[in-house]
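Visitor: Below is a structure I'd like to ask you about.
Only the coordinates and a few stated rules stand behind these numbers; no lab work does. Nothing here was measured: the structure is a model prediction, and the numbers come from that model. Here the Cβ is made from the backbone with ideal geometry for all residues, glycine too, and neighbour counts use every protein chain on show.
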Amino acid sequence: MNAAPHDPNRGMAGPPVDFDGLFRQSPTLSLLLDPSLIIRAASDAYCRATMIERDWAVGKHLFEVFPDNPDDPNATGVANLRASLQRVLQLRRADLMAVQKYDVRKPESEGGAWEERHWSPLNSPVLDADGEVRWIHHKVEDVTELVRMRASEEERAAFAREQQLAIDQLREANRQLARQMEQTSEWRRYTYFFALLVESSNDPIVSFLVDGEIKTWNKAAEQMFGYSSAEMVGSSVLKLLPPDRQHEHGELLAKLRAGEKMQFFETARRAKSGDDILVAITVSPIRDEKGEVVAASKILRDITEQKQAEKKLLSLQDELIHLSRWNTMGMLASTIAHELSQPLTAAMNYIRAARRTIEGLEAPQTAKVREFLDHAADETKLAGGIMRTLREFIEKRKTKRAPEDLNRIVNETMVLGVAGDADVKAMLRTELAPGLPPIAVDKIQIQQVLLNLIRNSVDAMKTETQRELTIATAGEDSGFVTVRVSDTGTGISPDIAAQLFQPFVTTKENGMGVGLTICQSIVEAHGGKIWSEPNGTKGTSFCVRLPVADAAENQDAA
Ligand code: ADP
C-alpha cells in the first residue's frame with residue numbers, strides 16, 4: 001500500500017507548521033510507534049530520559065531498543081508494555097498502565113550500565129480516516145524519584161516498625177530477665193536458707209545418689225562420725241557401714257530405687273574412730289521433675305543414750321516386778337500366818353483338853369497316847385512359833401521411806417508398768433495437780449499399789465467398749481494428798497463389795513484375791529486410807545489418801 005504521505009498542513013492558512021519539530025521539542029516524554037511497534041519518532045525529553053540516541057533508535061523495534069534488564073530476573077517491563085500495546089491495537093483505545101519498573105541502559109560510550117527507572121506510561125492510538133490504528137503515541141512520565149521517595153518512606157516506616165518491634169522485644173526480654181533475676185535471687189535465697197537449715201541441724205543430714213555416692217554432709221554428721229565433709233563428699237555411704245552391716249547397703253539402695261521411704265530404721269554405723277554408733281535412720285527419696293528417684297536424703301539420730309535408757313527402764317521394771325513379787329509373797333505369807341494362827345490355837349486347845357482328859361487314866365496304852373499328844377502339842381506350838389516369827393519377820397521388814405512427789409510416782413509407775421502395753425497406753429490419761437507437797441513413802445510400795453489398781457481397772461474394762469482409765473492426783477488442805485484411779489469398767493460386783501479388801505476375795509477365774517488386801521496394808525502402814533466408790537455412772541474409782549511428809553512424821557511420832 002503506497003498511500004500518499006499525509007500532509008498535516010493541508011488546508012491550513014499561513015506558513016506551514018513544523019509538526020516534526022514540535023513533536024521532537026515537546027516537553028512530554030513521547031514516542032511514536034507504528035502498529036508493528038517500530039519507533040518512528042521520539043521527543044528529545046524521551047531520549048534524554050531513556051538515555052537513547054534518537055538516530056540510533058528510530059527505525060528499530062521498540063523492544064530491541066528497550067529490552068528488559070538482564071540483571072533483574074523479575075523484570076516485567078517488556079511483557080506489560082507489550083500487553084498494553086496489544087490492547088491499544090485491538091481495542092483502539094488509550095491504555096493507562098500502572099507504574100512500571102523498566103530499567104534503562106546508559107549508552108555504550110558511558111559504560112552501558114543499567115539504571116533503575118520507574119515509569120507511568122499512557123499508550124494512545126492515533127487513528128486514520130478508516131478508524132484503523134495508524135500510530136501509537138507512547139507517552140511516559142518518569143516517576144523514579146517519586147517511587148524512590150515512596151520506597152524510602154516505606155523503608156523508613158518499615159524501619160520504624162522494625163525498630164519499634166525491636167524495642168518491644170527488648171522491653172519484653174528485659175521484663176523476662178527482671179522476672180528471672182527475681183526468681184533466681186528468690187531461688188538463691190531459698191537455697192541459701194535451705195543450706196543453712198541443713199547445716200545448722202542438730203541431726204546429721206546426708207544426701208547421696210542412688211548408687212550411694214555422698215553429695216552433702218552437714219556439720220552434725222561431721223560431729224557424729226568424725227569425718228569432714230571433704231572426706232565424705234564423693235565417697236560411698238558404704239564407708240559408714242560396720243563389716244557385719246555391709247549387706248544393708250544393697251537392701252537400702254534397692255528400697256530407695258523403688259521409691260520407698262525408710263523411717264526410724266535402727267542400726268549401727270561406724271565412726272572414723274572405729275566406734276560403732278547406734279542410730280535411727282530415716283531415708284527419703286529425692287525425685288527429679290519426671291518423678292524418678294535420683295538421690296536420697298538421710299537423717300540420722302544417735303540412739304545410744306535412748307537404748308541405754310530403755311535398758312535401764314527394763315532393769316527397773318524387772319526390779320519392780322521382783323520387789324512386787326517379794327512383797328506379794330511376804331504379804332501372802334503374813335496373811336496365811338495370820339489366818340492359820342486361829343486354827344492352830346484351836347488345835348492346841350483340843351490337844352491340851354485331850355491331854356487333861358486322859359491324865360488320870362491308867363490304861364496300858366495311855367502312856368503312849370500321852371506321849372503322842374505331847375508331841376502333837378510341841379509340833380503345834382512349833383508351827384505357831386514359826387507363824388509368829390514369820391509374821392514378825394515380814395511385818396518388821398524395813399521399808400525405805402523418803403520424801404517423794406506423788407505426781408512423779410504416778411509418772412514413773414506409768415513408764416514402768418504401762419509403757420510397753422500400747423492398749424493400756426491408749427486408754428490412759430492423767431490429771432496431775434501441780435505443786436503437791438511431798439509424801440514420806442516407800443516409793444516402790446506405792447508404785448505397787450498403783451500398779452495393782454491399774455491392773456484391776458484394765459481387767460474390769462476387758463469386756464467394755466468404752467475404755468477410759470484416768471489417774472488423777474489432788475491435794476487437800478488437811479495434810480493429805482490423794483491419787484484416784486478411775487475406770488469405765490464393770491464396777492464392783494455386789495457379791496464381794498462388802499469384803500473387797502478381805503484376803504482371798506476374788507471374782508476372777510485365776511485371781512488370788514490378795515491384791516487389794518496388800519494395797520490396804522501398804523496404804524494403812526503409811527498412815528493412809530484406801531477405798532472405792534462408783535466412778536460417776538460407769539465403772540469404779542479407787543482412792544488412795546496419803547499423809548504429806550510432815551503430817552506423816554507427826555503421825556509416826558504420835
Ligand atoms: P484379784 O485381782 O486377784 O481378784 P484383788 O484383791 O486385786 O484380787 O481384787 C479383788 C476383786 O475386786 C476382783 O476380783 C474384782 O472382782 C474386784 N475389783 C477390784 N478392782 C476392781 C475394779 N476396778 N472394778 C471392778 N471390780 C474390781
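Visitor: Treating the angle as unsigned and between 0 and 90°, give the value, to the nearest 10°, between the Cα long axis of helix 304-357 and the longest Cα principal axis of the chain.
Guide: 20 degrees
Visitor: Among the trypsin sites (Lys or Arg not before Pro) in the range 271-350, which ones are in a DSSP loop with at most 12 other Cβ atoms within 10 Å of the Cβ? Mind listing them?
Guide: Details: sites: K272, R287, K290, K298, R301, K307, K311, K312, R325; in loops: K272, K290.
Here the sparse-neighbourhood loop sites are K290.
Visitor: Right, another one. With unit charges on the beta carbon (Lys/Arg positive, Asp/Glu negative), name the residue among L122, P364, F159 whose Cα is farthest towards the positive pole of the charge dipole of the chain.
Guide: P364
Visitor: Report, in degrees rounded to the nearest 10, the 0 to 90 angle that the Cα long axis of helix 366-396 makes with the longest principal axis of the chain.
Guide: Orientation of helix 366-396: about 40 degrees from the principal axis.
Visitor: Select from A440, V237, P27 the residue farthest towards the positive end of the dipole of the chain; place +1 on Cβ of Lys and Arg, -1 on Cβ of Asp and Glu, and compute about the Cα centre.
Guide: Of A440, V237, P27, it is A440.
Visitor: For the chain, what is the calculated [θ] at 222 nm in deg cm²/dmol (nearest 500), taking -39500 (n - 2.57) for each run of four or more DSSP H residues and dividing by its residue count?
Guide: Dividing the helical sum by the residues of the chain leaves -15000 deg cm²/dmol.
Visitor: When the Cα centres of the range 427-465 and the range 498-537 are compared, how far apart do they sit, in Å?
Guide: The distance from the Cα centre of the range 427-465 to that of the range 498-537 comes to 14 Å.
Visitor: In terms of modelled amide H atoms, which long-range or inter-chain residues lie less than 5 Å from the amide H of Y102?
Guide: Result for Y102 returns R117, H118, W119.
Visitor: Size of the dipole of the range 113-249 about the Cα centre, Lys and Arg at +1 and Asp and Glu at -1 on the beta carbon, nothing else charged, in debye to 20?
Guide: Here the size comes out at about 660 debye.
Visitor: Here's something else I'd like to know. Hey, if you put +1 on the Cβ of every Lys and Arg and -1 on every Asp and Glu Cβ in the chain, which of H61, A83, P107 ends up farthest toward the positive end of that dipole?
Guide: A83
Visitor: In the range 427-487, which GluC sites (Glu not before Pro) are in a loop and have at most 16 other Cβ atoms within 10 Å, using DSSP for the loop call? If you can, show how the numbers build up before the last one.
Guide: Working: sites: E431, E464, E468, E476; in loops: E464, E468, E476.
Within the range 427-487, the qualifying GluC sites (Glu not before Pro) (loop, at most 16 other Cβ atoms within 10 Å) are E464, E476.
Visitor: Nearest 10 degrees, 0 to 90: what angle lies between the long axis of helix 247-257 and the longest principal axis of the chain (Cα atoms)?
Guide: Tilt of helix 247-257: around 50 degrees.
Visitor: Can you list residues whose amide H is under 5 Å from R134's amide H, if they're 5+ apart or on another chain and H is modeled 1.01 Å from N?
Guide: Distant-sequence amide H within range of R134: V126, L127, D128.
Visitor: How many angstrom lie between the C-alpha centres of the range 98-147 and the range 247-275?
Guide: For the range 98-147 versus the range 247-275, the Cα centre distance is 95 Å.
Visitor: How large is ³J(HN,Hα), in whole Hz, for each residue of the range 98-115 in order, when computed from phi with the Karplus curve 6.51 cos²θ - 1.76 cosθ + 1.60 and θ = phi - 60°, using x for Gly and Pro?
Guide: Karplus values, whole Hz, x for Gly and Pro: 5, 4, 10, 8, 8, 6, 10, 10, 5, x, 3, 4, 9, x, x, 6, 8, 10.
Visitor: So what J values fall out for the range 424-433 if you push phi through Karplus, 6.51 cos²θ - 1.76 cosθ + 1.60 with θ = phi - 60°, rounded to Hz, Gly and Pro as x?
Guide: 5, 4, 5, 8, 8, 9, 10, 10, 9, 6
Visitor: Go through the range 229-234 residue by residue and turn each phi into a ³J(HN,Hα) via Karplus (6.51, -1.76, 1.60, θ = phi - 60°); whole Hz please, and just put x for glycine and proline.
Guide: In residue order, the calculated couplings are 4, 4, 6, 9, 5, x Hz.
Visitor: Moving on to the next point. Distance in nm between label sites at A354 and D72, each 7 Å beyond Cα in the beta-carbon direction?
Guide: Between A354 and D72, the label points sit 15.7 nm apart.
Visitor: Which distance in nm do the two modelled labels at L196 and L314 give, with both placed 7 Å along the Cα-to-Cβ direction?
Guide: Spacing of the two 7 Å Cα→Cβ label points: 4.4 nm.
Visitor: Nothing charged except the Cβ atoms of Lys and Arg (+1) and of Asp and Glu (-1): what's the magnitude of the dipole of the chain about its Cα centre? Round to the nearest 20 debye.
Guide: Taking the Cα centre of the chain as origin, the dipole is about 1800 debye.
Visitor: Please give every one of the lysines within straight-line cross-link reach of K215, meaning a C-alpha to C-alpha distance under 25 Å, and leave out same-chain neighbours fewer than 8 residues apart.
Guide: Counting by Cα, and skipping residues close in sequence, K215 has these lysines nearby: K239, K255, K261, K272, K290, K298.
Visitor: Within the range 260-356, which GluC sites (Glu not before Pro) sit in a loop by DSSP and count at most 10 neighbouring Cβ atoms inside 10 Å?
Guide: Qualifying residues, ordered by number: E289.
Visitor: I would also like to ask the following. Give, rounded to the nearest 20 debye, the magnitude of the charge dipole that the range 431-558 has about its Cα centre when Lys and Arg contribute +1 at Cβ and Asp and Glu contribute -1 at Cβ.
Guide: Details: 9 positive and 15 negative charges, 72 e Å.
Using only the charged Cβ atoms, the result is roughly 340 debye.
Visitor: Please compute the Kirkwood hydrodynamic radius over the range 136-205, one decimal place, Å, based on all pairs of different Cα atoms.
Guide: For the range 136-205, the Kirkwood estimate is 17.8 Å.
Visitor: At a Förster distance of 22 Å, what's the computed FRET efficiency of E155 paired with A98, Cβ-Cβ distance as r, to 0.05? Write out the running numbers ahead of the final one.
Guide: Values: r = 21 Å, r/R0 = 0.95.
Here the calculated transfer efficiency is 0.60.
Visitor: Report the gain in length on full extension from E116 to E182: 0.36 nm times residue separation, minus Cα-Cα distance, nm rounded to one decimal.
Guide: Full extension from E116 to E182 adds 18.3 nm.
Visitor: Here's something else I'd like to know. What residues qualify as long-range amide H neighbours of L29, i.e. H under 5 Å apart, gap of 5 or more or another chain, H built at 1.01 Å from N?
Guide: V140
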